[in-house]
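Take a look at the structure below.
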Amino acid sequence: MIEKETTSTFNKSTGLPRKRFYRARAHSNPLSDSHFPVPLSPSQFDYSLHYPQLFPASSDDDNPKRIQFADIGCGFGGLLVALSTLFPDKLMIGMEIRDKVTEYVKERISALRTTNPSQYQNISVVRTNSMKYIPNYFEKGQLMKMFFLFPDPHFKEKNHRRRVISPHLLDEYAYTLAVGGIIYTITDVEELGEWMKGCLENHPMFEALTEEELENDPVVKLLTSATEEGQKVARNGGQTFQAIYRRIAPSL
Amino acid sequence: MGDAQMEEGDNPREIEVAPALIAVHPAQRSVAVAVGSDLRVYDLTGDCPVSLVDDSAKPFHSDSIRAIRYGASGKLLVSAGDDKLVKIWSTDSWLCIGSVCCEKRVSSVAVSNDGLFVCFADKFGVVWVVSSKENVENQALPDKKAAPILAHYCSIITSLEFSPDGRFIVSADRDYKIRVTVVPKNPLDGAHEIQTFCLGHSEYVSCLDFIHSPDYPHGLLVSGSGDSTVRLWDVTSGSLLDTCEIGAKAELSVTDGLEEEPCHAITDLCTCSNGTSIALAVQSLKGIMLLNCNPSAKTLSIAKVVLIEGETLIPTSLGTSLSEGLLWMVTGISKLQGFNHSSLARVRAVSLPEDNGQDAEPVLLRDDEIPGGQKLLERLQGSVSIGNDVFLAAAEALKTAMRSLLIKKQYSAEKREFRKRTRNDRKLKN
C-alpha cells in the first residue's frame, strides 16, 4: 500500500481522528480473555493516566474525586463527548473491549483536549471486558450513572448469556451503583429491549423511573442523539426501546 | 519461530485427571475420600467401611468427583463432579436422599450452616442452590430442581463457603476474584445483594476457609491462590488484612529438581480446630505447611513445615473435623496415563497440638496410629500398593491439569494470528 499524504489518520482541519482508519468488526467475543492490563483492585486504578490535568502526580491522594459516570461499550465515544460539557465537574469513563475502537476514542479525546483547552479533561476511555472486571475499577456504590447504549443483541438463545444486561450481571451493576444511581439502557432491537426491561423489572434492587423523572432528566435525550449508533437508527427511521431504572436499597 | 501447530493442552484426547479429595465429618464420625468417580467412606464410630446405597435414576457417579463436603451439623455428605450430578447423602442411613442434575460440570459445593440448602457451582460461574430438607421417612427423593442464585461471569468457581454466622456466602473464581454475597431469607429467589469483593490476588484463587473466632462472628476469611500467597480478609468490608508469601519458605523443602522452576501455588487449605492454625497443601511440597493466624492482630505468619518422610506425598486435599485436633490429608489421582492402576490414593494424618505453644509439635501419625487403622486405609486407599515413582508422575500430571484449567493461556502474537485462521473474516484475505 502506497503511503500518500491524504491518507493521514487525522483530519487536518478539525484535528480529530478519521473513523475509517479505526474500523473494527462490530462484534468482539466477550468470553475471550484478551490481554489488556486490569487493575488488581479499584485503588490500583491510575487516575493520573486518564485525567492528567486533574490528577497531576502519579501517587496523588489529594484529589478525592472519583469516576461517577461509566459508559459500558462506549463505541466511538459520542456519548462521553456530549456528557463531558453537560457535566463538567463529573469524572467519566468509557469502557470498550475492541482495541482499535478504544484507540480511536483515545485519539479523539486527546485531540479535543488540544483544540479546546481546559475542556474534555473529565472524560477518558479504557480497553477492558466490563462483564468480568467492573469490580476491579469501581468501589461499591461509586457510580451515579451507568450507560448501556445499543448493546450487542446476541440473538441466538444459546448466546443470551453473553448479553451485557442479564439477571446475574445486574447484581454487579447494583453493587457498583450508589443507591439513587441510574442505569440507562437503549436498543433498536425490540426483543432485546423487552429482555433488558424484564431483567431490570425483576431485579429487587432496581425500580423504574417515572415519566416525569424521565422528562426532567437532560441525559435521556442524549441516548438517541449523541451516539453514532443512535444517529444511524434515527436516520433509518427506526424505533428505539429504552429501560431506565434507579438503584434502590433492597427491601428486607 | 518454533512449532506453532501443536500446543500443550490443545490435544482433545488427553486424559483428564482429577485429584483425590478428602472430607472429614465435623465430629470425626466418618471420613470420606473421592478418587475419580469412586466415593469411599469409612465409619469411625462403627469402625467399619460404609456401603453407600443409591436408588436414584443415575446411581453413584459416572465421572470424576470434583467436590465432597460434610454439612456443618454432620447430617449430610454432598458429592458432585464431572458427571453433572450433585448427590446428597444422609450420614445416618448412607442413602442417597437427593440427586440434582446440573447443566454443566460441577466444580464446587457448600452446605448452609443450618443444613437446609446445598449450593453448588458449575464451571461457567453459576452458583445454584437446592433445598436439602430430608424426607421424613428417610427415603430417596425424586430428582430435585436447583435455582441459580448468583454468577461470576464465565469463570470457573473454585471454592464456595458460608460464613460462620451464615450471613454471607463467599465464592472464589479463577479470575482472581472473591465475591461476598448476602444470603437472603429465601435463597431460592437468588442472592442479589453483593456485600463486597475481596480483590488483591494476582492469580486464580484456589481455596477458601474461615477462621472461627469469637471476636469476629462473620469470621475471618482465608484464601489460597496460584500466586503463592495466602491472604486474610475482613469479609464485611472486603479489606485485605494480611498477606503471607509462601514461596520463600517452601523453597527450602522443594522436590528434588524435577521441574525447571518449582511452583508454590496453594492447592488446598484448611483451618484447624484449635482456631488459629491453618494447614496448607502447596504444589511441589512433600508435606504440609502450617500457618498461624493471630485474630486480634489480624496477621498471618508461617509457623511450621511438616514434611512427610519416607514417601512421596504431595497432598491434593486436606480435611479436618471441628472437634478433634487431627489434620487428614490425601494424595491421589483418578487415572494416570501410562500406568496400569485405574486410580490411586494415599491417606495420612497429622496430630496438631491444642494450642500453638512453642513446645507442642505436630506429629505425623503412622499407619497403625491413625483412627480406624489398617481397615480405614484399605477402604479409603483401595488395596493397591503404589510406588514412589507413580506418585511423582501423578503429582506432575495433576499440576499440569490444574495449570491448564485455571491459568489463562498466554499466546504469542504469531500464535494468536494462527489461531484466528478459521475466522470467516480472515478467510477472505489473501
Quiz item: Across the residues of A:198-204, average count of Cβ atoms on other protein chains within 10 Å?
Solution: 1
Quiz item: For the residue pair B:GLU369 and A:GLU213, what label-to-label distance in nm results when each label sits 7 Å from Cα along the Cα-to-beta-carbon direction?
Solution: 6.7 nm
Exercise. For A:VAL125, list long-range residues whose amide hydrogen, built 1.01 Å from N in the peptide plane, is under 5 Å from its own amide hydrogen.
Key: A:GLY94
Quiz item: For chain B, what relative contact order do you get, as a whole percent, if you take Cα pairs closer than 8 Å and at least 6 residues apart?
Solution: 12 percent
Quiz item: Per the Cauchy relation, a quarter of the hull surface: what is the mean projected area of the convex hull of the alpha carbons in segment B:31-119, in nm²?
Solution: 5.3 nm²
Quiz item: What residues have an amide H closer than 5 Å to that of A:VAL38, excluding those fewer than 5 places away on the same chain, when H is modeled at 1.01 Å from N in the peptide plane?
Solution: none
Quiz item: Considering only the other residues whose Cβ falls under 10 Å of the Cβ of B:ILE169, what net charge follows from Lys and Arg at +1 and Asp and Glu at -1?
Solution: +1
Practice problem: Could you point to the residue in A:TYR175, A:ASN116, A:PHE241 farthest towards the positive end of segment A:40-247's charge dipole, with +1 and -1 charges on the Cβ of Lys/Arg and Asp/Glu respectively? | Solution: A:ASN116
Quiz item: Please report, for the Cα atoms of segment A:147-221, the Rg to one decimal and the Dmax as a whole number; what are they, in angstrom?
Solution: 12.7, 39
Quiz item: Taking B:LYS298 as the anchor, which lysines have their alpha carbon closer than 24 Å to its alpha carbon, excluding any fewer than eight residues away along the same chain?
Solution: A:LYS140, B:LYS177, B:LYS249
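Apply the a/c threshold of 1.5 to the C-alpha gyration tensor of segment A:48-146 and tell me whether it is rounded, prolate or oblate. Numbers along the way, then the final one.
On the way: a/c = 1.43, a/b = 1.04, b/c = 1.38.
Note, shape of segment A:48-146 comes out rounded.
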Quiz item: Between rounded, prolate and oblate, where does segment B:285-328 land on the alpha carbon gyration tensor, with a ≥ b ≥ c its root eigenvalues, rounded for a/c under 1.5, else prolate if a/b exceeds b/c?
Solution: oblate
Self-check item: Chain lengthening between B:LEU405 and B:GLU245 when straightened (0.36 nm per residue, less Cα-Cα)
Solution: 55.3 nm
Quiz prompt | Scattering profile of the protein assembly as shown at q = 0.08, 0.09, 0.12 Å⁻¹ [log10 I(q)/I(0), Debye over alpha-carbon scatterers] | solution = -0.67, -0.84, -1.32
Self-check item: Percentage relative contact order, segment B:72-179, counting C-alpha pairs under 8 Å, at least six apart
Solution: 21 percent
Exercise. Quote the accessible area belonging to B:ARG421 in square angstrom, nearest 10, computed with a 1.4 Å probe and with ligands, DNA and RNA left uncounted.
Key: 130 Å²
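When the accessible area of chain B is split by element with a 1.4 Å probe, what percent falls to carbon and sulfur? Numbers along the way, then the final one.
Working: 8740 of 18160 Å².
Accessible surface attributable to carbon and sulfur in chain B totals 48 percent.
Need one number: convex hull volume per residue for segment A:40-247, Cα atoms only, in Å³. If you can, show how the numbers build up before the last one.
Working: hull volume 26.9 nm³, N = 208.
Dividing the Cα hull volume of segment A:40-247 by its residue count gives 129 Å³.
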Quiz item: Among all the lysines, which ones have a C-alpha under 22 Å from B:LYS144's C-alpha, if same-chain residues fewer than 8 places away are not counted?
Solution: B:LYS58, B:LYS75, B:LYS84, B:LYS87, B:LYS104, B:LYS123, B:LYS133, B:LYS185
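Can you give the average number of partner chain beta-carbon atoms within 10 Å of each beta-carbon in peptide B:191-200, as a whole number?
Numbers: counts 1, 11, 7, 8, 2, 4, 9, 2, 8, 4.
The shielding value for this peptide is 6.
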Practice problem: Work out, in µm²/s and without decimals, the Stokes-Einstein translational diffusion coefficient of chain B at 10 °C, 1.306 mPa s, Rh from Kirkwood over C-alpha pairs. | Solution: 72 µm²/s
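The values are calculated or read from the model by the stated rules, or taken from the named source; none is laboratory data. Just so it is clear, the model here is predicted, and its values are computed rather than measured. Note that we place each Cβ from the backbone using ideal geometry, even for glycine, and neighbour counts take in every protein chain shown. The area values use the complete protein model at the heavy-atom level, side chains included, leaving out ligands, DNA and RNA. Shrake-Rupley method; radii C 1.70, N 1.55, O 1.52, S 1.80 Å.
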